[in-house]
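Reading through the structure tokens given below for one structure.
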Amino acid sequence: MNKTYMTVWASMALAAVAGCSTGGSGVDYDKLAADVTKASFQDKNIVKVSALTQDENMAACSAANVAGKPLDEAQAKAIEAAALKTIRFPADGKFLGDWKEGEKIAQSGRGMTWSDDAKTVNGGNCYNCHQIDKKEISYGTIGPSLYNYGKLRGVTDPNAEAAKAMVEYTWGKLWNSQAYNACSMMPRAGHKGVMNEQQLKHIMALLLDPKSPVNQ
Amino acid sequence: MKTRLVISAVLMAAATTGAQAQDAAAAGIAKFREMLADGNPAELFEMKGEELWKQKRGPKNASLEQCDLGLGPGVVQGAFVQLPRYFADTKRVQDLETRLVTCMETLQGFNAEEIARTPFLKGEKETLAALATWIGGLSKDMRFAVPQKHEAEKTMYEVGKRLFFARGGSHDFSCASCHGADNTRIRLQDLPNLTKNPGDGVGFAAWPAYRISNSQMWTMQHRLNDCYRQQRFPEPKWGSDATIALSVYMGVNANGAASIVPALKR
Amino acid sequence: MNNTRRTVIKTTSALGTLVALGLVTQQQAMAAVDRAAFDVKSIADAIKAIGGTAANSDQVSVVSPDIAENGAVVPVGATSNIPNTTEIYLLVEKNPTPLAAGFIVPAGTEASVQTRLKMGQSTNVVAVVKADGKLFSATKETKVTLGGCGG
Amino acid sequence: MADPMRIRANNKDGVTEVRVLMSHPMESGVRKDASGALVPAKYITDLDATHNGKTVLKAMFSGAVSQNPFLSFKFKGGAKGEKVAVKWVDNKGESRTDEATIA
């Protein structure tokens, strides 16, 4: 075992002793957890320990989960407002790409793990959590079903003015899911650079193109 | 009003067909697992583990038969469902695997650091997987009773809980992203809710397990390592406090659940 | 070692070449189907190599799941109710070489075997049996799903 | 040296059910490793199960049989306490024989 590791262990043992004398209270478990994290993880290939540094939103959402309580409303609103500002619409104003490409991206769960390399094309991981095209029976249920996503929302022509709000919302949700739900479990695909603009357009088409199998 | 009614009807129809397809697929997977239940290749590893426990090995040419897994030297049956726990000799909370390495070091003279560095499925890590499979199997059907008496055990639980919910990495995932709610699945795989007792033989009560997707025997350390890989986190060091703390958190939550180890997994 | 479970009686090492080679030849000589049938690329040609064409029969059943959670280990078996069944073959239509396993069933052994096969994709699984020199078959489709996080 | 097989043989109403698990990689020879190199073929080609020296099943495998193969079958006869032996040979000439007592 390496030295850092032993040091942290020693500090934990000390904390435990202190815990005994104070009847278990007064131990800063958050601090201990941070120390343990620092001592326990190591860089591996393309994934560096710096990836564990949380931004404020993630720290707040994680703490709320530990406490088993939702964020207070003001904090949630602040997170959503800040997230909304991060959203960047496509430079050329075109929101939809090719749904066939979108399906391929939705199917793939590759990219950004330590067994991928920097050249791996990132997948969207979409089917891991969502039902999308009904032909794919192997889909997850962590997120809601997206089957008939556009159809159920009345999108018959994604370029029409009537569809604008729904198209922009969907883009925003993919770019930074926290803009609409402070502690959304969905990756912030655009914001964190998981998907590029072109990939997001393809996924948009999968969800909103009336010709996409999703809307049949 | 009328449109809204139509939309809700469509929504309901979609939900119904979706649920039916899901049921058929889930039933199909359940049937598949049932067909595989007889003849779990993990039995091959149990045989090997038993032999390795009794065999004189290492620089000291000794067996592991005097190893204390928490219930006294040489007591194997029942030890698995009471781990991780605090050990006074090492002054550490240890899981089955790190405890076994302590025994391999003290009784057999192996180099613990070297074993920790060895990749999964290779060399003494392979030995460890076979030992853990056999030891786990001797507590089959017994109920988890992971202790929370020593202050260090309680501390580890609290730290483990925080690690479980810590979101990070490129995808903002935490352990809870997949294992924090009831009745969810990734693709077709059911996901146990590990924030509470997920039931007999699921989650913590199912590892070590033989994985059919790669025909490998995976220990809990290996399972955690690969969860973190898919979580897009950096690598947890083998046997590190983070892995032990998470095991304590999951183990204590699973108290009362019966072990089915060694299990058969996708 | 638990002796009631099993007893090891003999092990030939990898390099016990002469004995082992002799053994291989001996087993091949006793095999009902030429080893080359396992290298055939299409299911029709594989059945031809087994001995001609097979008639579909409801007296043959092939066991394979509707859905496989993973293609690496799929439980597959076959049972024949046709008297004098002497051979059973398991074929996976979409595998690069469809013939996966063959069994010789002596008198006194039930014409029923279970094993586990690899399947690269969703496919038909075919059981072919030989009884009184004639071939009979049964077919079942198995869907191979993509499981896990796909990473 | 190959690891031992796990053989279970149980007699019920005059019929013996045999279940065998073999420890074997069953490399088909067409799989590539992480670096893209072909993994050489190594798989069990032939299996012979005997009871009192008489063959009760012969099997021929290809590389499409799953790693750590499982096989089960039934034969008439066999009494508790008698032995069932299973022997496999792979394409590299390695072989292994193990035996189980009928329960």
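Points to keep in mind about this one:
- Matching residues in the range B:182-225 - criterion: being surrounded by 21 or more Cβ atoms within 10 Å (Cβ to Cβ), within 15 Å of the chain's Cα centre (by Cα) and among the basic types (Lys, Arg): B:211
- Listed by position, the helices (runs of 4 or more DSSP H) contained in the range B:80-195 that have at least 2 residues being among the charged types (D, E, K, R) are B:96-106, B:112-117, B:123-137, B:151-165.
- Total residues in the range A:61-89 satisfying the condition of being in a helix (DSSP H, G or I), within 14 Å of another protein chain (Cβ to nearest Cβ) and either of a type in the set (Lys, Arg) or within 28 Å of residue A:196 (Cβ to Cβ) (or both): the figure is 5.
- Residue within the range B:195-208 that is without any contact (Cβ under 8 Å) to a residue 12 or more places away in the chain and more than 14 Å from chain C (Cβ to nearest Cβ) present: no
- Any hit, the range D:22-30, residues being surrounded by fewer than 22 Cβ atoms within 10 Å (Cβ to Cβ) and farther than 24 Å from residue B:264 by Cα: yes
- Cβ separations smaller than 6 Å between residues 6+ apart or across chains give the following pairs from the range A:160-177 residues that are surrounded by fewer than 19 Cβ atoms within 10 Å (Cβ to Cβ) to residues that are basic (Lys, Arg): A:166/A:153.
- Residue, surrounded by the most Cβ atoms within 10 Å (Cβ to Cβ), within the range A:100-135, restricted to residues that are more than 13 Å from chain C (Cβ to nearest Cβ) and among the small types (Gly, Ala, Ser): A:102
- Taking every residue in the range B:102-115 that is on the phi > 0 side of the Ramachandran plot and at pLDDT 95 or above and pairing it with any residue that is in a loop (DSSP other than H, G, I, E, B) and crowded, with 19+ Cβ neighbours inside 10 Å, at least 6 positions away or on another chain, yields no pair with a Cβ-Cβ distance below 6 Å.
- Any hit, the range B:68-76, residues being of a type outside the set (Asp, Glu), on the phi < 0 side of the Ramachandran plot and in a helix (DSSP H, G or I): no
- Any hit, the range B:121-143, residues being of a type in the set (Ser, Thr, Tyr), touching a helix residue (DSSP H, G or I) at 6+ places or on another chain (Cβ under 6 Å) and within 14 Å of chain A (Cβ to nearest Cβ): no
- When the range B:150-170 is limited to residues that are charged (D, E, K, R) and without any contact (Cβ under 8 Å) to a residue 60 or more places away in the chain, the one that is farthest from residue B:90 (Cα to Cα) turns out to be B:167.
- In this structure, residue D:59 does not qualify as at pLDDT 95 or above, farther than 19 Å from residue C:98 by Cβ and of a type in the set (Gly, Ala, Ser).
- Selection count, the range D:37-65, where residues are of a type in the set (A, V, I, L, M) and part of a loop (DSSP other than H, G, I, E, B): 4
- Residue C:45 meets the stated requirement of being over 30 Å from residue A:111 (Cα atoms) and free of Cβ contacts under 8 Å to residues at least 12 places away in the same chain.
- Just one residue in the set B:155, B:106, B:118 is out of contact with any Ser or Thr (no Cβ under 8 Å at 6 or more places or on another chain) and within 29 Å of residue B:214 (Cα to Cα); that residue is B:118.
- Residue within the range D:66-85 that is over 10 Å from the mean Cα position of the chain (by Cα), within 13 Å of chain B (Cβ to nearest Cβ), of a type outside the set (A, V, I, L, M) and not in a strand (DSSP E or B) present: yes
- Residues in the range B:231-266 that are crowded, with 20+ Cβ neighbours inside 10 Å, polar (S, T, N, Q) and in contact (Cβ under 8 Å) with a residue 12 or more places away in the chain: B:231, B:243, B:247, B:253, B:259.
The values are calculated or read from the model by the stated rules, or taken from the named source; none is laboratory data. Just so we're clear, the structure is a prediction, and the values are computed from it rather than from any experiment. Note: ideal-geometry Cβ built from the backbone for every residue, glycine included; neighbour counts use all protein chains shown.
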